[in-house]
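J.: Have a look at this one before I ask anything.
No value in this document is a laboratory result; all are computed from the given coordinates. What you are looking at is a predicted structure, and each value in this text was computed from that prediction instead of being measured. Because the Cβ atoms are built from the backbone with ideal geometry, glycine has one as well, and the counts that use them run over all protein chains shown.
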């Protein structure tokens, strides 16, 4: 039986809508039995960060890739930026973002002073490293508010960034952290992310 023209257009429109609205969720969340509403500490590329902020659970939003006909747009939970405007050093900023504001803030950032010309291979030097964030070499920040800089510590279990490598190594960032700010106390922070680089599907921009 031959379809009528209007029905054919309905079918085509339905297919187009399905393609346009296609999306992929790359976040995996497993709750920690010993920390309610926080993710387990993992090193699997689960694309999530969680912590307590003033005792309230904070969890990053899901990493969702929205795909269309000719392009894709990633809505990431983490982004890494390098600022190379200063003459003698660069600044690396790692920002974690959530979609839920109350009672917690919208984002948590770590700002680190790094050497001039900081590159992918320099990020790899953080692998299996613990840093004291003392307000001099870096600071924690809530909602991009630089008037409230926090101190603390961070341990990078994995810090691997090798874009275009032929060995098939996953670009990865994972570890734990805690911080104290004038108005906020961050405890039991844990993070685990893959690190695609640049473009519409990236989280690393340097």
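J.: Checking the a/c ratio against 1.5 first, then a/b against b/c, what shape does the Cα gyration tensor give for the stretch 27-205?
T.: Taking the square roots of the gyration eigenvalues as a ≥ b ≥ c, the stretch 27-205 is rounded.
J.: Now a separate question. How would you rank 141, 162, going from fewest to most other Cβ atoms within 10 Å of each one's own Cβ?
T.: Taking fewest neighbouring Cβ atoms as first place, the list is 162, 141.
J.: How do 28, 111 rank when sorted from fewest to most other Cβ atoms within 10 Å of their own Cβ?
T.: Fewest-to-most Cβ neighbours within 10 Å comes out as 28, 111.
J.: Okay, next question. Please work out the Cα center distance from the stretch 40-97 to the stretch 132-149, rounded to the nearest Å.
T.: For the stretch 40-97 versus the stretch 132-149, the Cα centre distance is 17 Å.
J.: Right, here's the next one. By counting other Cβ atoms within 10 Å of each Cβ, how are 191, 177 ranked from fewest to most?
T.: 177, 191
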